[in-house]
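Beneath this line is the structure, given in structure tokens, with notes to follow.
The values are calculated or read from the model by the stated rules, or taken from the named source; none is laboratory data. Everything numeric here is computed off the predicted structure, so don't read it as measured data. Methodologically, a virtual Cβ is constructed for each residue, glycine included, from the backbone with ideal geometry; neighbour enumeration extends over all protein chains shown. Side chains are part of the model used for accessible areas, which takes the heavy atoms of the whole protein and leaves out ligands, DNA and RNA. Shrake-Rupley method; radii C 1.70, N 1.55, O 1.52, S 1.80 Å.
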Amino acid sequence: MWRRAAPRAVANASVASAAVPQQLQQLDPAAMHRVTRSLAGLLRGQHVQTLPCGGCRLMSTSTSSSTKKLFQATDPFAPRHLGPSKADVEEMCKVIGVKDVEDLMNQAIPAAVRRELPDSLPDGTIGEAGALALAKSILEKNIIAKNFIGMGYHGSLVPSVVVRNVLENPGWYTAYTPYQAEISQGRLESLVNFQTLVSELTGMEVSNSSLLDEGSAAAEAMAMIMRTVNNKSKNQFFVSDKVHPQSIDMIKLRAKYLDVEVVVGDHTSTDFKSSDKFCGALVQYPDTEGVVHDFSGLAKDLHSKGAHMVVSADPLALMSLKPPSEFGADIVVGTMQRFGVPMYYGGPSAAFLATSKKQIRRMPGRIIGESLDRYGNPAYRLTLQTREQHIRLDKATSNVCTAQVLLANMSAMYAIYHRTDGLKTIAQKVHGLAQLFTKELGQMGVATASATKFFD
């Protein structure tokens with residue numbers, strides 16, 4: 001065993017700074033010096049004689065090219081995951097009349113849109129283990145600190161059973177859209193649970209099976225309202241200045257290409273009754289400062305002018321607060337990050353959009369429903385996806401990624417794990433701790449946005 005393992009063990013010990021094998025530790029100083037000198041010659045590409053060291057033999061080489069091969073990774077990632085071999089690529093290039101792949105890229109992609117990558121980027125020669133080590137060294141630079149920013153991002157304790165069986169399970173995390181219903185019944189059923197969860201939290205009649213994030217969900221709601229109102233004179237969309245700032249930025253960007261004028265202001269002082277230009281309004285519940293508002297009056301004013309109200313809601317707060325459906329919300333959006341999804345340094349997390357059944361054909365995203373298979377047994381399938389580009393092409397209602405299936409399923413499993421009583425207990429604890437924190441701040445003379453009307 002030692003005879004065969006010696007060259008690899010010595011190389012690893014010198015190049016990768018690994019622990020020195022026990023056999024080498026037992027060599028006398030003279031023998032260790034010969035081993036070190038031999039490796040130094042290998043690194044310089046010089047001829048190295050076979051070297052006796054306790055009965056072992058180190059291989060010899062006399063060319064720099066063969067020396068380089070000794071230190072190349074033996075676990076390249078690309079060959080195992082990219083189908084075409086080098087010969088296949090050469091044959092394909094020959095058939096289409098290009099010299100190589102680089103020549104193909106030069107002909108197919110205009111120079112104006114190409115970007116030259118810096119030479120410092122690692123290439124595939126470092127191997128999979130080397131790539132993982134590099135990624136780990138970069139990730140270790142992140143600082144895990146207490147986060148008090150809020151704005152839709154909160155610490156969440158993920159049950160270990162959800163981590164082990166969903167998040168870290170390739171059967172769940174490698175799957176994308178469940179187009180093949182016959183092999184996706186488990187994921188489809190879980191997404192039905194997600195839809196049911198959102199509908200019960202918001203009080204709305206129907207929910208989609210997740211969207212990209214809260215900001216883009218709010219922008220999708222604005223676009224949905226524009227299609228519903230369909231009135232060129234109503235080209236303004238109001239956004240409360242207490243909405244999360246990232247959502248405001250997303251809406252402004254989307255509105256730019258929809259020819260919609262975004263008005264950001266104080267919803268408590270804006271006169272909606274006297275304006276006929278608003279097609280809708282977006283409010284945050286609770287707002288970005290944690291304050292809870294009653295939007296029933298705002299909803300009545302908007303509806304009297306033929307406008308719609310979008311509520312961006314915190315799902316955990318909805319375990320204790322009145323659901324948006326009860327104060328006039330037409331569309332409810334939000335993020336399920338608080339339901340068992342880590343912050344991940346700011347994302348991603350599954351968003352949702354819920355509305356009434358009469359709006360179901362205008363809403364973005366996919367809806368999972370129950371049907372019957374050819375044997376008459378209940379089965380789940382993608383019931384509604386006609387709004388997507390692969391079906392409606394240029395008439396699609398949206399052109400963004402419309403699902404976060406893995407994270408939506410994590411949130412659904414989180415709710416199942418804790419059940420209704422457990423979720424209520426978590427919401428009560430969060431609110432109770434926020435009350436205690438506010439009380440202590442008051443005793444220290446620190447002012448808060450609200451002493452009573454807040455969730456957390």
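Apply the a/c threshold of 1.5 to the C-alpha gyration tensor of segment 202-346 and tell me whether it is rounded, prolate or oblate. Write down the numbers at each step before the final one.
On the way: a/c = 1.64, a/b = 1.33, b/c = 1.23.
Prolate, because a/c is 1.5 or more and a/b exceeds b/c.
For segment 148-213, which GluC sites (Glu not before Pro) pass both filters: DSSP loop (anything but H, G, I, E, B) and at most 16 other C-beta atoms within 10 Å? Numbers along the way, then the final one.
Values: sites: Glu168, Glu182, Glu189, Glu200, Glu205; in loops: Glu168, Glu205.
Answer in residue order: Glu168, Glu205.
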Partners for Lys256 among lysines (Cα-Cα distance below 22 Å; same-chain residues under 8 apart left out) = Lys232, Lys234, Lys242, Lys277, Lys395
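According to the square roots a ≥ b ≥ c of the eigenvalues of the Cα gyration tensor, what is the shape class of segment 238-320, taking rounded for a/c under 1.5, prolate for a/b larger than b/c otherwise, and oblate for the remainder?
Working: a/c = 1.93, a/b = 1.18, b/c = 1.63.
Because a/c hits 1.5 or more and a/b fails to exceed b/c, segment 238-320 counts as oblate.
With Cβ to Cβ distances under 15 Å as the rule, what net charge do the other residues near Pro122 carry (K, R +1; D, E -1)?
Working: positive: Lys136; negative: Asp75, Asp119, Asp123, Glu128.
Within the 15 Å Cβ shell, the charges total -3.
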message = Give me the three principal axis extents of segment 143-203 from the C-alpha atoms, as integers in angstrom, largest value leading.
response = 44, 33, 19
key: Area accessible to solvent at Ser137, 1.4 Å probe radius, in Å²   = 50
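With a cut-off of at most 10 other beta carbons within 10 Å, and DSSP calling the residue loop, which chymotrypsin sites (Phe, Trp or Tyr not before Pro) in segment 242-330 qualify? Please list them.
On the way: sites: Tyr257, Phe272, Phe278, Phe295, Phe327; in loops: Tyr257, Phe272, Phe295.
When the chymotrypsin sites (Phe, Trp or Tyr not before Pro) of segment 242-330 are filtered for loop state and at most 10 Cβ neighbours within 10 Å, Tyr257 remain.
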key: Low-density loop positions, chymotrypsin sites (Phe, Trp or Tyr not before Pro), segment 348-385 - DSSP coil, at most 10 other Cβ in 10 Å   = Tyr375
task = Starting from the Cα of Lys68, draw a straight line to each of the lysines and keep only those under 30 Å, dropping any in the same chain fewer than 8 residues away.
result = Lys86, Lys99, Lys136
task = Provide the solvent-accessible area of Lys300, counting protein heavy atoms only and rolling a 1.4 Å probe, rounded to the nearest 10 Å².
result = 150
task = Using a cut-off of 13 Å between beta-carbons, work out the net charge of the residues near Leu316 (Lys and Arg +1, Asp and Glu -1, Leu316 not included).
result = +1
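Using a 1.4 Å probe on the protein heavy atoms, what percent of the accessible area of segment 94-198 belongs to carbon and sulfur? Display every interim value, and only then the final one.
Numbers: 4590 of 7770 Å².
The value for segment 94-198 is 59 percent carbon and sulfur by accessible area.
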message = For segment 197-241, what does the convex hull of the Cα positions come to per residue, in cubic angstrom?
response = 108
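Hey, can you rank 65-74, 112-121 by average C-beta count inside 10 Å, highest first? Can you show the working numbers first?
On the way: 65-74: 12.1, 112-121: 6.3.
Top to bottom by mean Cβ count within 10 Å: 65-74, 112-121.
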remark   = Honestly segment 75-176 on the Cα gyration tensor test (a ≥ b ≥ c root eigenvalues; a/c under 1.5 rounded, otherwise a/b vs b/c for prolate or oblate) is just prolate
request  = Quick one: order His308, His81 from most to least accessible surface, probe 1.4 Å.
outcome  = His81, His308
ask   = Under a 5 Å amide H to amide H cut-off, with H placed in plane at 1.01 Å, what residues pair with Leu282 once short-range neighbours are removed?
value = Phe238, Val239, Ser240, Val310
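Using a 1.4 Å probe on the protein chains only, how many percent of the accessible area of segment 399-449 belongs to carbon and sulfur? Walk me through the intermediate numbers first.
Numbers: 1740 of 2990 Å².
That share works out to 58 percent.
Run the accessible area of segment 234-351 with a 1.4 Å probe and give the carbon-and-sulfur part as a rounded percent. It would help to have the intermediate numbers written out before the result.
Working: 2290 of 4550 Å².
Using a 1.4 Å probe with all protein chains present, segment 234-351 comes out at 50 percent carbon and sulfur.
Give me the net charge for the shell around Lys358: Cβ to Cβ below 15 angstrom, other residues only, Lys and Arg +1, Asp and Glu -1.
Details: positive: Arg227, Lys357, Arg361, Arg362; negative: Glu205, Asp330.
Every neighbour counted, the sum reads +2.
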note = Reported to the nearest 10 Å², Ile183 has, with a 1.4 Å probe, an accessible area equal to 120
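How much accessible area per residue does segment 228-323 have, in Å², with a 1.4 Å probe?
Per-residue accessible area for segment 228-323 comes out at 45 Å².
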